[in-house]
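Inspection log for the structure reproduced underneath, given as structure tokens.
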Amino acid sequence: MPAASSKRIGQTFYIDLPMKINNKVNLKDKNLIVERWQQRNNDDGRQKIIVEYSSPNIAKPFHVGNLRSTIIGNSVANLLQFYGNDVLRMNYLGDWGTQFAILSLAFDRFGDPDQLRRAPLKHLFDVYVEGNRLCESDIGWKNLAKNRFYQLEQSNDSKIYEQWCEFRRLSCEELEKLYERLAIQFDCYESESMYSGAVKDVIEILQQRQLIKTIDGATWTEVIDHNDERKKISIPLLKNDGTSLYLTRDLAAVLNRRKQFGFDRMLYVVDSSQWKHFNNLKNILYTLHDPVYRNLEHLKFGRILGMSTRKGEAIFLDDVLNEAKHRALEAIQTSQNTKISAEQYEQIADILGVTAIIVHDLSNRRVSEYRFNWNRALRMNGNTGISLQYTHARLCNLIKNFNDCHCSSSLDITAIDTIEGRNLINQILMFDEMIDQAYDQLEPSILTNYLFNLKTAINRANQELTIKGQTQPIQQARLSLFICARNVLNQCMRLIGLQPLESM
Ligand code: ARG
């Protein structure tokens, strides 16, 4: 049986940003976590695991790929933590690269400071789209963007650098709001920009091993495929102007994180399309005879297709969350509970919208891609998030109504010995096996599908095993069963990242 609680231990903080790029730098907290990890001995079989998830590119909007990474990463981190592992939840922001240079250049031409203040992500996105369009059609503009990235990376133009700081700050603020709505937390934020300087050290290590070659002024390495020793692979590391690449920054990040945290495992929760990137990351480390490559895992997942709002294709996550909230409000309006205020309803609808999205997502296996379907996600009955919340709230209500009916240790088992009662007991007992399977495969869909079965068993038992009007021993036995069921339902819902509702 899992030993530790799934309670969050760390606090959000930002670590080691080489240039002061975020107001929230809080080195004290960082030291605490490093200390906690260093003091940890591995004799008890628990591991130190970094789970890197969400990781949006902040010049572009939070795209749906990042949403899946956020949902899956959070539940996988919960699972690992539930088994007593020491988990570090990390968000690795994509805040560097030519895309930022395109944005910076385009902002000089199309940007509007007022709009930037009012709706930063939306405005930056519009500006980025314009810049990208120009890049595709105008080689001169493309060269300008390349040059701007060079200037940014060399940090030799303070105006460009300050503008980048501002875009980054605004984007982070918006992101924090999204994470709050999704009830997602991180122990630490890192970002690609942190590693642009450290890339030099990486190149030097490869140089010492004579693994570097120059092709048309750009820096490449030739490495061995760790899956097939006979295969050699050429990988670019620096552009011909010496600026860094995504992979080189990731390489610097692995080496730094190992030094800083001494992790046993690092999971990258990133969509399957980046398999080659993570494979190459391992290939380089393998060729360097660095055993750390064995501790890196690309936790792949398939894409979400067709996620759109009534207005059209969804680009921004908050549009998707608002749509979910409105649809959830529509869905629950018919069953309005008069004891709940309008304001509480808004909050409940927000949580229900998020629940619907998470459950719809996690009912699919991690590696399969799936088509998003609002009607299916927001149904009141069947295998949906709303029906899980509804069952949970109903049980909480039932338990509250009979809270004076104290449970004794000797229960009248015959009061629950019916087909429905036994079926519910069986489902409750399945929790252990299901969570073991989900943990072994890092597959939250196993828990989600278990939740659907548990919910069905609860609802059936709830219909048959009435409490009201029964004798005290019968009430006690049935209530005990429902308390157990509620506890398992609640725990399992929290493991997949839901906030269980007590009333709705
Ligand atoms: N920012 C990237 C993207 O949105 C994902 C980063 C994944 N993590 C990593 N260490 N490369 O595609």
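Rule-based calculations on the coordinates, nothing more; no lab input. This is a predicted model, so every value here is computed, not measured. Here Cβ is always computed from backbone atoms with ideal geometry, including for glycine, and neighbour counts include all displayed protein chains.
Measure nothing fancy, just the Cα-based angle from helix 444-464's long axis to the longest principal axis of the chain, in degrees from 0 to 90, nearest 10. Helix 444-464 sits roughly 20 degrees off the main axis of the chain. Over all Cα atoms in region 365-504, the spread is summed up by Rg and Dmax: 16.0, 52 Å. Could you check what % of the DSSP bridge pairs in the chain are antiparallel, to the nearest 5? DSSP beta bridges in the chain are roughly 40 percent antiparallel. Using only alpha-carbon positions in the chain, the gyration tensor eigenvalues give semi-axes of 47, 27, 19 Å once each is multiplied by 5 and square-rooted (largest first). Simple spin-label estimate for ASP241 and ASP44 gives 5.2 nm between the two label positions (7 Å along the Cα-to-Cβ direction from each Cα).
Among the trypsin sites (Lys or Arg not before Pro) in region 367-475, those located in a DSSP loop and surrounded by at most 11 other Cβ atoms within 10 Å of their own Cβ are LYS468.
Remark: spin-label model distance GLU330-ASP126 equals 2.7 nm, labels positioned 7 Å along the Cα→Cβ axis.
Quick one: length gained pulling ASN322 to GLN347 fully straight, 0.36 nm per residue minus the C-alpha distance?
Working: separation 25, 0.36 × 25 = 9.00 nm, distance 1.18 nm.
Contour length minus the Cα-Cα distance gives 7.8 nm.
Only the Cβ atoms of Lys and Arg (+1) and of Asp and Glu (-1) were treated as charged; on that basis the dipole of the chain about its Cα centre amounts to roughly 280 debye.
If contacts are Cα pairs under 8 angstrom and at least 6 residues apart, what is the relative contact order of the chain in percent?
Numbers: 769 pairs, mean separation 79.3, N = 504.
Reported relative contact order: 16 percent.
Only lysine pairs 8 or more places apart or on separate chains count here, and in region 216-325 those with Cα atoms under 17 Å apart total 7. For the charge dipole of the chain, defined by +1 on Lys and Arg C-beta atoms and -1 on Asp and Glu C-beta atoms about the Cα centroid, which residue among TYR128, PHE278, ILE332 has the Cα displaced farthest towards the positive pole? Working it through, the farthest residue towards the positive pole turns out to be ILE332. If R0 equals 35 Å, the separation of the Cβ atoms of ARG460 and ARG371 corresponds to a calculated FRET efficiency of about 0.70. Treating each Cα of region 202-263 as one equal point scatterer and applying the Debye formula with no solvent, the log10 of I(q)/I(0) at q = 0.13, 0.14, 0.18 Å⁻¹ comes out as -0.40, -0.46, -0.73. Given R₀ = 60 Å, FRET efficiency for LYS339-GLU166 by Cβ-Cβ distance, to 0.05? That gives a FRET efficiency of 0.80.
Using only Cα atoms, tell me the angle between helix 342-362 and the longest principal axis of the chain; keep it within 0 to 90° and round to the nearest 10. So the inclination is approximately 70 degrees.
If you take the beta carbon distance between ASP108 and ASN381 as r and set R0 to 60 Å, what does 1/(1 + (r/R0)^6) give as a FRET efficiency, to the nearest 0.05? Write down the numbers at each step before the final one.
On the way: r = 54 Å, r/R0 = 0.90.
The computed FRET efficiency comes out at 0.65.
In summary, the convex hull built on the alpha carbon positions of region 236-285 has an orientation-averaged projected area of 4.1 nm².
Taking only DSSP H segments of four or more residues, each worth -39500 (n - 2.57), what value at 222 nm results for the chain once the sum is divided by all its residues, to the nearest 500 deg cm²/dmol? Mind showing how you got there, number by number?
Values: 17 runs with 276 residues, N = 504.
Computed mean residue ellipticity for the chain: -18000 deg cm²/dmol.
Over region 97-141, the fraction of Cα-Cα pairs per 10 Å bin, rounded to whole percents and listed from the shortest bin up, is 31, 55, 13, 1.
Residues TRP275, TRP164, arranged from fewest to most other Cβ atoms within 10 angstrom of their Cβ, appear as TRP275, TRP164.
The orientation-averaged shadow of the Cα convex hull for region 147-280, equal to a quarter of the hull surface, comes to 10.7 nm².
State the number of lysine pairs found in region 124-224 whose Cα atoms come within less than 27 Å, restricting to pairs 8 or more positions apart or on distinct chains.
Details: LYS142/LYS159; LYS142/LYS200; LYS142/LYS213; LYS146/LYS159; LYS146/LYS200; LYS146/LYS213; LYS159/LYS200; LYS200/LYS213.
Eligible lysine pairs with Cα atoms under 27 Å apart amount to 8.
Structural descriptor for region 337-458: relative contact order 29 percent, calculated from alpha carbon pairs under 8 angstrom and at least 6 residues apart. Label separation (ASN147 vs ASP225): 4.1 nm, computed from points 7 Å beyond Cα along the C-beta direction.
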